[in-house]
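Remarks on the structure that follows.
The values are calculated or read from the model by the stated rules, or taken from the named source; none is laboratory data. Everything numeric in this text was worked out from a predicted model, so none of it was measured. Because the Cβ atoms are built from the backbone with ideal geometry, glycine has one as well, and the counts that use them run over all protein chains shown. Note: accessible area is taken over every heavy atom of the protein model, side chains too, but ligands, DNA and RNA are not part of it. Shrake-Rupley method; radii C 1.70, N 1.55, O 1.52, S 1.80 Å.
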Amino acid sequence: MPEDRLYTGVCVLADVMDKHTLADVTLELIGVSKQLINQHSGEKVSVLLTTGSGNISTLIKNISTAGADIIYLVQDEHLKDYSTELYTDVVCEVVNKKKPSIVLVGATTTGRDLAPRVAARLNTGLSADCTGLEINENGLLAATRPTFGGTLMATILCKTMPQMVTVRPKVFPLPKIDPSHIAKVEQLNIPLDLSHVRTKFLGWVQDCKQVGRRIDDADVIVAGGRGMKDAKHFKILEELAHVLGGAVGASRAAVDAGWRPHSEQVGQTGKTVRPRLYIACGISGSLQHLAGMNSSDIIIAINNDPDAPIFKVASYGIIGDLFEIVPALTTAIKENQLKVVV
Ligand code: FAD
């Protein structure tokens, strides 16, 4: 049997934040994995969960009810905080043992550090920051991602096993939760070699520049671009975001100008967001910006240039001066006590 045939199914690397919470992207990847596998030929979706010792019943439950078939569990006190070296050892060992044909990794800070190292160690390819995944007619994973500064979409095939990709959070929707679904848990004993660990985890540092809610999981985002003209004018966006219970986002032009922190940047080199309502104020709608927000449910664009490309993706467009429109919107919502249901 050719070596490639030994590889089957999809394995998602679980991304555990602050020891107890699963990053949403892990669930999103379980959801898309279910669509990629051929259940009729017995393929399975597995999740590799690497944690410190302790109670992890909530993590197991969340992975199970999202639809995973198997959880490969590697627990060791030395794995309680992310370590590039130890996690690479664990993932490579499990992949070599279990031979998934596809390995999906969230493009989080951890995933972006881990995936390339694992791919290099396994002598396989890695398509990073993918925005679309499909199985092609030859049964290979066709991974799509923006290229040449977001002006083209490239579809990449990896002809070595396993086929590895990273996927940004929010690119795929969260799966439907099935409370009755139970994954099989397989505990794996992987001996750790601590002698080659060159880094030591000291602790988390809070992002002090973060003002208000984070855009990552906000249902409403009010974003500003170069049309805001100055950092101080973002106040009007903060006020609108506040009455809508949302977060403030920014284009790269606004971030590069130093008006907002990078954690608020939406787009190809910022974050991918999928809110129910995205209000773009003074943002032209470059391809690189659209790459990060065009899956939002409703997009409202406010721009004084009727030909601005943002209007092509907008559900509603308001042509005019944002400095008049945004405060008027905030006042109308406040005074009429309008309840915005998104
Ligand atoms: P502009 O394009 O300058 O648009 C400003 C808009 O404001 C204009 O449409 C104007 O009509 C409008 N305006 C001005 N005054 C008013 C007013 N008073 N009322 C209403 N409207 C007004 N960009 C991102 O956003 N995110 C990314 O992650 C990103 N990654 C990139 C990666 C690469 C490799 C490259 C090459 C570029 C990237 N960019 C990214 C930059 C991107 O190409 C654009 O330059 C950027 O998005 C432009 O930001 P903007 O829309 O705020 O500014």
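Before moving on, here are some points about what is shown:
- Region 48-89 - residue that is of a type in the set (D, E, K, R) and closer than 20 Å to P175 by Cα and, of those, most open to solvent (accessible area, probe 1.4 Å): K61
- Pair list, Cβ under 7 Å, 6 or more apart: region 274-297 residue in a loop (DSSP other than H, G, I, E, B), other residue among the acidic types (D, E) and more than 7 Å from the ligand (Cβ to nearest atom): P275/D219; R276/D219; R276/D297
- The numbered conditions (1) away from the ligand (no atom under 16 Å from the Cβ); (2) under 20 Å from L49 (Cβ atoms); (3) open to solvent by less than 90 Å² (accessible area, probe 1.4 Å) are all true for T109 except (3).
- Matching residues in region 252-270 - criterion: being near the ligand (Cβ under 8 Å from one of its atoms), within 16 Å of the chain's Cα centre (by Cα) and open to solvent by 10 Å² or more (accessible area, probe 1.4 Å): Q268, T269, G270
- Applying the condition of being open to solvent by 80 Å² or more (accessible area, probe 1.4 Å) and farther than 30 Å from L79 by Cβ to region 200-218 and asking which residue is modelled with the highest pLDDT yields R213.
- Top-ranked residue in region 271-305 [being more than 8 Å from the ligand (Cβ to nearest atom) and hydroxyl-bearing (S, T, Y); ranked as modelled with the highest pLDDT]: Y278
- Region 223-241: number of residues that are in contact (Cβ under 8 Å) with a residue 60 or more places away in the chain and either away from the ligand (no atom under 13 Å from the Cβ) or open to solvent by 10 Å² or more (accessible area, probe 1.4 Å) (or both): 5
- Count of region 127-148 residues, restricted to those that are of a type in the set (A, V, I, L, M, F, W, C), open to solvent by 60 Å² or more (accessible area, probe 1.4 Å) and closer than 16 Å to T160 by Cα, is 1.
- Selection within region 310-331: residues that are near the ligand (Cβ under 8 Å from one of its atoms) and not in a helix (DSSP H, G or I). The member of this set that is least open to solvent (accessible area, probe 1.4 Å) is G320.
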